[in-house]
There are 4 protein chains.
Amino acid sequence: MGELLGVAVLGAGHMGADHVRRLDRVVSGARVAAVADPDTARAEETAAGIEGVSVHADATAALDAPGVDAVLVASPGPAHEEALLAAFARGLPVLCEKPMVPDPAGALRVVEAEARLGRRLAQIGFMRRYDAGYLRLKALLDGGRLGRPLMLHCTHRNVSSPAHFTSHMLVNSSVSHEIDAARWLLGQELTAVTVLRPAPSAGAPEGLADPQFVLLETERGALVDVEVFVNCGFGYQVRCEAVCEAGSARIGEEEAMSVTTRDGARQEVPQDCLVRFADAYDREVQTWVDATRGGRVTGPSAWDGYAASTVAEAGVRALETGRRTSVALAPRPALYGGAGR
Amino acid sequence: MGELLGVAVLGAGHMGADHVRRLDRVVSGARVAAVADPDTARAEETAAGIEGVSVHADATAALDAPGVDAVLVASPGPAHEEALLAAFARGLPVLCEKPMVPDPAGALRVVEAEARLGRRLAQIGFMRRYDAGYLRLKALLDGGRLGRPLMLHCTHRNVSSPAHFTSHMLVNSSVSHEIDAARWLLGQELTAVTVLRPAPSAGAPEGLADPQFVLLETERGALVDVEVFVNCGFGYQVRCEAVCEAGSARIGEEEAMSVTTRDGARQEVPQDCLVRFADAYDREVQTWVDATRGGRVTGPSAWDGYAASTVAEAGVRALETGRRTSVALAPRPALYGGAGR
Amino acid sequence: MGELLGVAVLGAGHMGADHVRRLDRVVSGARVAAVADPDTARAEETAAGIEGVSVHADATAALDAPGVDAVLVASPGPAHEEALLAAFARGLPVLCEKPMVPDPAGALRVVEAEARLGRRLAQIGFMRRYDAGYLRLKALLDGGRLGRPLMLHCTHRNVSSPAHFTSHMLVNSSVSHEIDAARWLLGQELTAVTVLRPAPSAGAPEGLADPQFVLLETERGALVDVEVFVNCGFGYQVRCEAVCEAGSARIGEEEAMSVTTRDGARQEVPQDCLVRFADAYDREVQTWVDATRGGRVTGPSAWDGYAASTVAEAGVRALETGRRTSVALAPRPALYGGAGR
Amino acid sequence: MGELLGVAVLGAGHMGADHVRRLDRVVSGARVAAVADPDTARAEETAAGIEGVSVHADATAALDAPGVDAVLVASPGPAHEEALLAAFARGLPVLCEKPMVPDPAGALRVVEAEARLGRRLAQIGFMRRYDAGYLRLKALLDGGRLGRPLMLHCTHRNVSSPAHFTSHMLVNSSVSHEIDAARWLLGQELTAVTVLRPAPSAGAPEGLADPQFVLLETERGALVDVEVFVNCGFGYQVRCEAVCEAGSARIGEEEAMSVTTRDGARQEVPQDCLVRFADAYDREVQTWVDATRGGRVTGPSAWDGYAASTVAEAGVRALETGRRTSVALAPRPALYGGAGR
């Protein structure tokens, strides 16, 4: 495949720094060509020791730096729209962390811009599509052996939420993963959202509606329920059970080593998303690098990013009103295939 | 403990015959003294080979037969009210299969009659309270180590539904087990019901809304969700996960023997309720016999039977209207303790 | 079935008292007619509150007490031979706790005495044959779907050993369960024993060779290995994996409730044999009572008791010498079928 | 870290081609600089499409090719000694597939040659040390929480053996993985081997002693048993249970997705070593590349390779004689730390 793919990484926070490390030391066939962050000290630190990398305060400058063949957007969500449009203007392939664009209107502008280009340049960072368990489940459902899916039961638990995490963010940040996973697994758009609020846990910060129970309905009548509990205190658990006409299937129950002592038989529960999905992140970026070097775009599309933002936004309204809330999507441009494809 | 407890069994159908066998051949300390069924041929057949038993077409006659110390009601639901009131009139302890009385008004009349007596005579056949798994979960929740329960996630699946099973019966027959179990496990009354209807399975009879997804709310803000799927085709599965402030616990996942062949690793799934809960039925009746011989009443009460009927009836309305439906209980007589006690 | 079966229980220690409770309060169709123990105070205490029971210092006197139809032998092993021969002399059916007779010569005398009678009266208390897991495994192996069994891997762990437990007893007391189970599951006699001694655990009493690793060979070339570890400190674990030509099967891995807290996902491990095999003991005695009332003998035979004693005795020599030791069985009387039948 | 590490890959068979792919497309920081195979057509095919690679019939020529910084030996075992000595002569770091050298005498010559160099250049490809499960178990044992290890119970099963697989190879090829893993996990040398031969499976080729049951003893009295069954027919299973003074731990039991249908609950069993240990191979090679670029050697040493060959050779004699066979190791050069380090 010849030359290494030179990647400009926008954002040098937790996620951006992790992607820089991944591109530099884990993924084959790529190099970090530029790092951009308004906090240039942080950008410098992230880029330290990497040969031939340039550091920028300004995202656009990074796109124009020498050796940049592609872009990885890991800056905060509000900066994504501008970054994506700038990448489109330069014809640069781009892997954009989720949420693609937090507000549905902005997300739709990205979709329309790419549709005007007439070819796909953007892949959105829904990394669960690269997790071994989700891939197995997707293959099983698509294979048809279990018949039509009727329900998905999902669990999404974190040890504790970051400071300033709001009740809205359980829906539009945490559950956005399940929103995309449900669309992808079922190959259907979501049409309505309901959010229930059990009495909050004493383990959650004052004022945070945690846990929540989110119900998603699909265009062909499947039902998706999600327990989201971001201060459960005991671990990072992501589970999914698909109930179909001829059977059910579960993922996320895999146990690591089992240790038996006088306290009983015990299995470790992963504490962190980056641990649980480390392989998925690696596979996501490696797949993107391989496809990009081969001139292809294969992952979740800007349409998937737009649909997720729109469903999440309806979910926030459902949380506020306590009512079932319909999801209204714009017409899908021909550039994009069916839901979740 | 001296003399064997003489039991009159009302009803010689599937359930009644099973209880006759249990009292005759499994349970210690009891004997079947009388069997009643309008179909006397069926009653004769059920009583065949049991020494000293009398057979009756009429339930009341059976209560007055010689040697009857207590009553087990296993006749169809609509006959329960009369049987319970007749037992009360004679001061006979009674174990009554669920539903105690299908309609809430009749159930309330039973509660009021027993309250007037001023002492408990009735135990209702919610046998899950005697299952080893449920007992473990109850002890764990009551022990307080996991903190306050926030949610229960329940699964209730049958291979296939009997002929003439209606969409209402998924709620007022199948889910009535979860209604009682939730009240008992949480020690709280249920205050509202919502029923969602995913697109029905192709494996369900034409016109049956199967599966359904039932949401129950409790007086202190816990949330209970129940997947009920009575034509799932693959087994009888009853699972419950309690999510609490300091941890979660699951029952109903126990695996029997694991067999690995070229088709993968496989565990048998029980196909039938009477298999899965055989031990619970045995323990329920043995406990009732032991308590009754000792002059005590310990199990689920007539109030529990009334509450279950009332919630089930609200559930049926919720299914019909598609709306969240409140549950209105009569004031609880002093004879009965708190919810689920 | 009419009259209750009157049982004389010989021995009022831990095991005998538990069987008295079981016959009196759990099992259907039987009553305790007599209790015998040289320590008559203990016998009196065990019999307290049971109607119509007589108490004896002498076992033979108990056999002759009024109302005795059958015998349950739960006295110490060295007293078994005399008790069995006395029961045979009276034509009384007898359920004898294991070991039937500890020394092979005495065990053979019992076999010969019963063979002279020309009909079976004795059943030996190998209760694992009544455990749900073992029954499932036996049915699977007999069904032939997995082909011929090649190996059994067994684990036998106790929290701690009783005082005065010797290195020999790991073989002739603990492993005697696996000796019978292997004969029964495979339907083959055992032909050789080897015992390995890893460095003993610091958790074992000074001088006790614990754990041990026992290898059993069968007449048709199957291999059985048993880890026996009676001071493992963490629980009572009995597991068995059968490896066959077309697959493998495991029992004893069933998990009770799973609880997840900040310490990980945890399952309780049973701490005691009477807990783990409570159902098996109940089923064993109920089955024996039912068969005896019906005039039949169905369980493990005196031959099974003799074979177990002989293999155990070879195992003790193998432990002492460190060498593979052959098992020499007397010719099998025609009264008994094949191995483990 | 600058320049990519140029690697000469010796051998273009199944394993070599997989390593070429890995270095070219999975691992970060390396490039394939040369490929050697006596079958140059196969070497050409393996190298096709890789930029700047040279192809050689002769291994030594490949070591001298331009851009070669390190060597990966994946040629057949008998060619390893010469390749290792040639790499040592040139001061090239080398990752050598197992067995390092099949015969103990040759393996000892490699150890002595490296000891004369006075610095480590060789890492042996015992990839289980890089598997997530084994790493967890190693960390647990080293942490000391479970006390001293007493026994390891190991299972090693393959669907079917390659053509020409001999009874010896179950020991010196298959079990060699457990030999190294046991030394590494326990940090002890192995001192004796016994091999038992159950009646062979009808599923094994005529004349192949399959399964076998291998017993390994360690210098401080721990016992390791290994079921090796290379024609089990149903999957690739590698499991290990460590039994310690204060608890036990198991790996290799992780279940992928669980699917429940009318045939029961089922989990897929991996069919192939390269699937089961794909991550371990990737991690092994990435770690080697990273360490080599940093001027370090970190993995299993030539001493580990020598010890494994010596134990395997004793195992083959034990299989032939049916007797417990001692292992005699040469004195360990100071260059190498303790067992398995």
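The values are calculated or read from the model by the stated rules, or taken from the named source; none is laboratory data. No experiment lies behind these values; they were computed from the predicted model shown. In this analysis, Cβ positions are derived from the backbone assuming ideal geometry, glycine residues included, and neighbour counts consider all displayed protein chains. Note: areas computed on protein heavy atoms with side chains; ligands, DNA, RNA excluded. Shrake-Rupley method; radii C 1.70, N 1.55, O 1.52, S 1.80 Å.
Given a 1.4 Å probe and the protein chains as shown, residue A:40 ends up with an accessible area of around 60 Å².
Take chain B with all the other protein chains still there, run a 1.4 Å probe, and you get 36 Å² of accessible area per residue.
The range D:264-338 has equivalent-ellipsoid semi-axes of 30, 27, 8 Å, by the square roots of 5 times the alpha carbon gyration tensor eigenvalues, sorted largest first.
Note that the range A:230-242 has calculated 3J(HN,Hα) couplings of 9, 10, 6, x, 10, x, 9, 10, 10, 10, 8, 10, 9 Hz, one per residue in order, obtained from phi through the Karplus relation 6.51 cos²θ - 1.76 cosθ + 1.60 (θ = phi - 60°); glycine and proline are x.
Candidate cross-link partners of residue B:138 among the lysines, defined by an alpha-carbon separation under 24 Å and a same-chain spacing of 8 or more, comprise B:98.
Rounded, prolate or oblate: which fits the range D:168-275, taking a ≥ b ≥ c as square roots of the Cα gyration tensor eigenvalues, rounded meaning a/c under 1.5, else prolate when a/b beats b/c? In terms of gyration-tensor shape, oblate. The share of accessible area on the range A:5-98 that comes from carbon and sulfur is 53 percent, using a 1.4 angstrom probe.
Kindly express, to the nearest 10 degrees and within the range 0 to 90, the angle between helix B:80-90's C-alpha long axis and the longest C-alpha principal axis of chain B. Its long axis makes an angle of about 40 degrees. Quick check on the range C:103-231: take the gyration tensor over C-alpha atoms, sort the square-rooted eigenvalues as a ≥ b ≥ c, and tell me if it's rounded (a/c under 1.5), prolate or oblate. Oblate is the answer for the range C:103-231, as a/c is 1.5 or above yet b/c matches or exceeds a/b. The accessible-area loss of the range C:123-170 on complex formation, taken against its chain alone with a 1.4 Å probe, reaches 10 Å² or more at C:136, C:140, C:145, C:146, C:148, C:150, C:151, C:153, C:157. List residues of the range A:179-213, by number, whose backbone nitrogen lies under 20 Å from a label position 7 Å along Cα→C-beta of residue A:328. Flagged as within label range: A:189-195.
A probe of 1.4 angstrom, applied to the heavy atoms of all protein chains, finds residue D:325 with accessible area near 20 square angstrom. Pairing chains B and A buries close to 2500 square angstrom of accessible surface in total, based on protein heavy atoms and a 1.4 angstrom probe.
Here the contact order of chain C, divided by its residue count and restricted to Cα pairs under 8 Å and six or more residues apart, works out to 20 percent. When residue A:320 is represented by a point 7 angstrom out along its Cα-to-C-beta vector, the spacings to that point in the other copies are 3.6, 8.3, 8.7 nm, nearest first. Note: relative contact order over the range B:1-107, using C-alpha pairs below 8 Å and six or more positions apart, is 27 percent. Please give the FRET efficiency for residue A:89 paired with residue D:297, using the beta carbon to beta carbon distance and R0 = 51 Å, rounded to the nearest 0.05. It comes to 0.55. A convex hull fitted to the Cα coordinates of the range A:1-145 yields 138 cubic angstrom per residue. Apply 1/(1 + (r/R0)^6) to the Cβ-Cβ distance of residue A:272 and residue A:60, taking R0 = 45 Å, and write down the FRET efficiency to the nearest 0.05. Efficiency computed from Cβ-Cβ geometry: 0.85.
Restricting the calculation to Cα atoms, the protein assembly as shown yields a radius of gyration followed by a Dmax of 35.2, 106 Å. Helical runs (DSSP H, four residues minimum) scored at -39500 (n - 2.57) apiece and divided by the length of chain C put the mean residue ellipticity at 222 nm at -10000 deg cm²/dmol. In terms of overall dimensions, the C-alpha atoms belonging to chain C reach 55, 52, 43 Å along their principal axes, ordered largest to smallest. Each Lys and Arg adds +1 at its Cβ and each Asp and Glu adds -1 at its Cβ; summed about the Cα centre, the range C:294-341 shows a dipole of about 140 debye.
Calculated on C-alpha atoms, the gyration radius of the range C:184-244 divided by its Kirkwood radius gives an Rg/Rh of 1.04. The ratio of the alpha-carbon radius of gyration of the range C:217-328 to the globular-protein estimate 2.2 N^0.38 Å is 1.43. Placing a label point 7 Å from Cα along the Cα-to-Cβ axis, residue B:206 is separated from the same position in the other copies by 6.1, 6.2, 8.4 nm, shortest listed first. When each of the peptides B:199-211, B:10-22 is scored by the mean number of other C-beta atoms lying within 10 Å of its residues, the order from highest to lowest reads B:10-22, B:199-211.
The amide H of residue C:219, built 1.01 Å from its N in the peptide plane, has C:189, C:191 as neighbours under 5 Å, considering only residues 5 or more places off or on other chains.
The long axis of helix A:302-321 is offset from the longest Cα principal axis of chain A by roughly 40 degrees.
Remark: the range B:5-66 projects, on average over all directions, an area of 3.5 nm² (convex hull of Cα atoms).
Chain C versus the axis that turns it onto chain A: the residue with the nearest Cβ and the distance in whole Å amount to C:266, 2. Summarising the amide proton neighbourhood of residue A:96: residues at separation of 5 or more, or on other chains, whose placed amide H is nearer than 5 Å comprise A:73, A:123, A:124, A:125.
Shielding by partners for peptide B:199-206, expressed as the average number of C-beta atoms from other protein chains within 10 Å of each residue's C-beta, is 4. When you restrict to C-alpha pairs under 8 Å that are six or more residues apart and normalise by the size of the range B:157-309, the relative contact order lands at 23 percent. Rounded to the nearest 10 square angstrom, residue D:288 shows an accessible area of 10 square angstrom against a 1.4 Å probe. By accessible area, using a 1.4 Å probe on protein heavy atoms only, the range A:136-183 has 57% of its surface on carbon and sulfur. What share of Cα pairs, in percent, lie more than 24 angstrom apart in the range D:64-170? Beyond 24 Å sits 45 percent of the P(r) for the range D:64-170. Using θ = phi - 60° in the Karplus curve 6.51 cos²θ - 1.76 cosθ + 1.60, the 3J(HN,Hα) couplings for the range D:209-218 round to 7, 9, x, 10, 10, 10, 10, 10, 10, 10 Hz; x is entered for Gly and Pro. Inter-part distance, the range A:1-66 to the range B:128-194, computed on C-alpha centroids, equals 53 Å. If you line up the long axis of helix A:132-143 against the longest principal axis of chain A, both from Cα atoms, how many degrees apart are they, to the nearest 10? Taking the Cα atoms of chain A, the angle to A:132-143 is about 70 degrees. On a per residue basis, the convex hull of the C-alpha atoms belonging to the range C:36-78 measures out at 75 Å³.
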